[in-house]
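Okay, so here's the structure we're looking at.
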There are 2 protein chains.
Amino acid sequence: MGKSTVSIKDVAAKVGVSTATVSNVFSGKKPVKDELAAKVRKAASELGYQVNRAASMLRSGENKIVAVVVPDLADPFFTSVIRQIESLAKQDGFEIILANSDNSVENESSRLDALLSWQPAGLIMIPCTDVLPKQLHTDVDGIAVVLADRVADKDLADSITIDNADAGNIAAKYLCELGHRNILLVASDCGIEPIRERSRGAEETVAGFSGSTFTIEAGSSPEIGAERLGKWMDRNAHPTAMIALNDMTTLAVLSCLAERKIEVGTGISVVGFDDYPWMIARRTPLTAVQQPVPQIALSIWQRLRARMNGDKSPPQAIELECSLKVRESAKPISANTENNTMQSEFDESLTVSIVPSARGKPIH
Amino acid sequence: MGKSTVSIKDVAAKVGVSTATVSNVFSGKKPVKDELAAKVRKAASELGYQVNRAASMLRSGENKIVAVVVPDLADPFFTSVIRQIESLAKQDGFEIILANSDNSVENESSRLDALLSWQPAGLIMIPCTDVLPKQLHTDVDGIAVVLADRVADKDLADSITIDNADAGNIAAKYLCELGHRNILLVASDCGIEPIRERSRGAEETVAGFSGSTFTIEAGSSPEIGAERLGKWMDRNAHPTAMIALNDMTTLAVLSCLAERKIEVGTGISVVGFDDYPWMIARRTPLTAVQQPVPQIALSIWQRLRARMNGDKSPPQAIELECSLKVRESAKPISANTENNTMQSEFDESLTVSIVPSARGKPIH
DNA sequence: TTGTAAGCGTTATCAA
DNA sequence: TTGATAACGCTTACAA
């Protein structure tokens, strides 16, 4: 085949029609007689013609492309959301261009620039921190924007988030009702609003049961999380239960416990976060707070589509509810055989201080 | 700000220079006096100007965009590869457009059409089966193509794969040296060449130790995999060891064993596939065959870049080696306390027949 | 070093 | 229903 430079002109010439007609056959914007259309299609496929999106986009201003920026492509929560968005987008004839901000604000900003130069019809962004890149305040007038998951400023654009405080509450309430009163909250990064909220929700609930919590900041990789958490565990009396505040810290908690041969459930009760196949591929399947991933993706796409279709209403802040998937990693306190003799309170004499029912100070 | 229709003309007008100069400032293709360039940049940012990629691409024919098609965005192996490719691409100024074929050949073909109409400079594809969509044989003359992971026809384009037979061999050899002779091979889909190869590699090695293997086809989701495997386990004598042939089947194996309260390692030895954080977040950390993900991504990008730079040499087939990450899920046969009394051979009387050292027939 | 102007492939307008 | 033609915003000869 030739140099892949088959244009609408070549097709038009071959069939003996105008370029406009060929264009209309493919865009469907104006009716073309079936017979003619068939001829055009035939000629096009013989020549190996493909519409040139760039030309089409330049002329029409329409683009059918949506930019997606996420903080971490290695985080299965984000990829599971992306996966569904991609599928929804495809149904509406949109293509996805993807960028990873790698949890860095500078990256986020530069990647955004790059994506925006494609003049996408829409932008879906999961910010990596509470502070949004400045382009979002200036450069995005023409384009539809939906923010998700980590959204500090809900007045800027539509946002899809979960009820994070309640997510914390759900986990805490369940543990408290099982009799737990000393609960360790394992956060990734307290600079992230949803994490703070989850922590706060759990703290308040535990306080309501006259229990105490402590929040540890474990970072956003399972490896360093396990290490930080391990250090803390080695220096402090153990809690009877732990709540991991996202998927990464869930892994950190489990790794840390595994290294120390502490049994999940019977040793220390654990409530994890999110829902992944590995959570049931264990001797003690993990009880976890589940985010409604399909609804999150759907809401994101619906909002974006509305905006792309010209919806000019004020920003909507959609908040979705989480639920608790009860499996076997959290047990009633009386069933705790290994640890519950050795502490009823955290040991306050140790290096790291206890902050019951307060926004936990990070431990480094 | 205005209707985001700030063009190079507006900038040129504001500064009082020609559009060519503005273009050169941003593209850097021709030198522009520093002083002037600074003025242009200033004006551009004041006006909120952004290059219009579509126009630029249309005129220059250069595109700086790479299409990526993978079979499953929920599979962490693929996302970990994508993640690295995205980062490499970014360094070279390329954007990634992403599509998910969802393990369907029709999808693969239609998604490919959509992506190709962007006239990307390159295409990276992880095929979902051995049969490649026909466009790859015709439509891609101008564009650079690299195939990865599942590549049946290595003469069509550059390919990056792993030595799949050896991957199977590595796992099998390790287990055999621990004394195992009855090994169950858990495949996802034997229609996928690499999976067949892994299976074959393991079979041959075990046969060399005078052991026997059986290959079960578990499908490509952990859930149905666990179920199929479970059914088989309930009807057949248990092997002393299992090898999971990819990440999904690793989960299937572990789930199945967990449901049946069979201890990993002491009950049945397990060698998994790939490397993920959850593998060490377990009481018995998982021994697994590791694919060299960073090298895979790097090789893919290097080949693609070479092609995009005009390399016309014959297709290269790059094959990378796997390694075994030894942890604790495979134990010497003598340490098997639960099961090794009850079988030394598979029970051939049961419904599912044994196919020692043969390409296992799928079980449905 | 900078300016002028043509043209990339498509779609939109207007006329037939 | 179809055709002719201008225009989208940019890059690139070529001229100055």
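Numbers below:
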{"quantity": "Residues of region A:15-24 that turn out to be in a loop (DSSP other than H, G, I, E, B) and either of a type in the set (Phe, Trp, Tyr) or crowded, with 16+ Cβ neighbours inside 10 Å (or both), as a count", "calculated": "1"}
{"quantity": "Set A:Ser56, A:Ser27, A:Ser60: member being within 13 Å of DNA strand D (Cβ to nearest atom), within 14 Å of chain B (Cβ to nearest Cβ) and either in contact (Cβ under 8 Å) with a residue 40 or more places away in the chain or surrounded by 20 or more Cβ atoms within 10 Å (Cβ to Cβ) (or both)", "calculated": "A:Ser56"}
{"quantity": "Residue within region A:93-102 that is over 18 Å from B:Asn100 (Cβ atoms), among the polar types (S, T, N, Q) and surrounded by fewer than 19 Cβ atoms within 10 Å (Cβ to Cβ) present", "calculated": "no"}
{"quantity": "Any hit, region A:63-75, residues being farther than 30 Å from B:Tyr276 by Cβ, at the interface with chain B (Cβ under 10 Å from one of its Cβ atoms), away from DNA strand D (no atom under 15 Å from the Cβ) and in a strand (DSSP E or B)", "calculated": "yes"}
{"quantity": "Residues of region B:30-53 classified as within 11 Å of DNA strand C (Cβ to nearest atom) and either outside any loop (DSSP other than H, G, I, E, B) or surrounded by fewer than 13 Cβ atoms within 10 Å (Cβ to Cβ) (or both), total", "calculated": "10"}
{"quantity": "Scope region B:290-310; condition touching a Gly at 6+ places or on another chain (Cβ under 6 Å) and either surrounded by 23 or more Cβ atoms within 10 Å (Cβ to Cβ) or closer than 16 Å to B:Phe78 by Cβ (or both); matching residues", "calculated": "B:Leu304"}
{"quantity": "Residue list for region B:147-187, filter: under 14 Å from B:Ile243 (Cα atoms), small (Gly, Ala, Ser) and surrounded by fewer than 22 Cβ atoms within 10 Å (Cβ to Cβ)", "calculated": "B:Ala165"}
{"quantity": "Residues within region A:9-24 that are more than 9 Å from DNA strand D (Cβ to nearest atom) and of a type in the set (A, V, I, L, M), tallied", "calculated": "2"}
{"quantity": "Verdict on A:Val6 being more than 8 Å from every other protein chain (Cβ to nearest Cβ) and either more than 28 Å from A:Met308 (Cβ to Cβ) or more than 9 Å from DNA strand D (Cβ to nearest atom) (or both)", "calculated": "yes"}
{"quantity": "Subset of region A:250-288 (residues that are closer than 23 Å to A:Ser334 by Cα, more than 9 Å from chain B (Cβ to nearest Cβ) and within 23 Å of the chain's Cα centre (by Cα))", "calculated": "A:Val270, A:Val271, A:Gly272, A:Leu286, A:Thr287, A:Ala288"}
{"quantity": "Residue check for A:Ala207: under 19 Å from A:Cys176 (Cα atoms) and out of contact with any Ser or Thr (no Cβ under 6 Å at 6 or more places or on another chain)", "calculated": "no"}
{"quantity": "Residues that are within 12 Å of B:Thr250 (Cα to Cα) and either surrounded by fewer than 22 Cβ atoms within 10 Å (Cβ to Cβ) or among the hydroxyl-bearing types (Ser, Thr, Tyr) (or both), drawn from region B:275-289", "calculated": "B:Asp275, B:Tyr276, B:Thr287"}
{"quantity": "Conditions (1) buried (at least 24 other Cβ atoms within 10 Å of the Cβ); (2) within 12 Å of chain A (Cβ to nearest Cβ); (3) over 17 Å from B:Ala167 (Cα atoms): number failed by B:Asp247", "calculated": "(3)"}
{"quantity": "Filter result (within 12 Å of DNA strand D (Cβ to nearest atom) and of a type in the set (Asp, Glu)) within region A:30-53", "calculated": "A:Asp34, A:Glu35"}
{"quantity": "Helices (runs of 4 or more DSSP H) wholly inside region B:79-193 containing at least 1 residues that are of a type in the set (Lys, Arg), away from every other protein chain (no Cβ under 14 Å) and within 21 Å of the chain's Cα centre (by Cα)", "calculated": "none"}
{"quantity": "Count of region B:258-268 residues which are of a type in the set (A, V, I, L, M, F, W, C) and surrounded by fewer than 24 Cβ atoms within 10 Å (Cβ to Cβ)", "calculated": "2"}
{"quantity": "Unique residue being closer than 28 Å to A:Leu298 by Cα, touching a strand residue (DSSP E or B) at 6+ places or on another chain (Cβ under 7 Å), in contact (Cβ under 8 Å) with a residue 60 or more places away in the chain and small (Gly, Ala, Ser) when the list is A:Ala99, A:Ala89", "calculated": "A:Ala89"}
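Read-outs: derived from the displayed coordinates by stated rules, not from any lab. These numbers were taken from a predicted model, which means no experiment stands behind them. Virtual Cβ from ideal backbone geometry, glycine too; neighbours counted across all protein chains shown.
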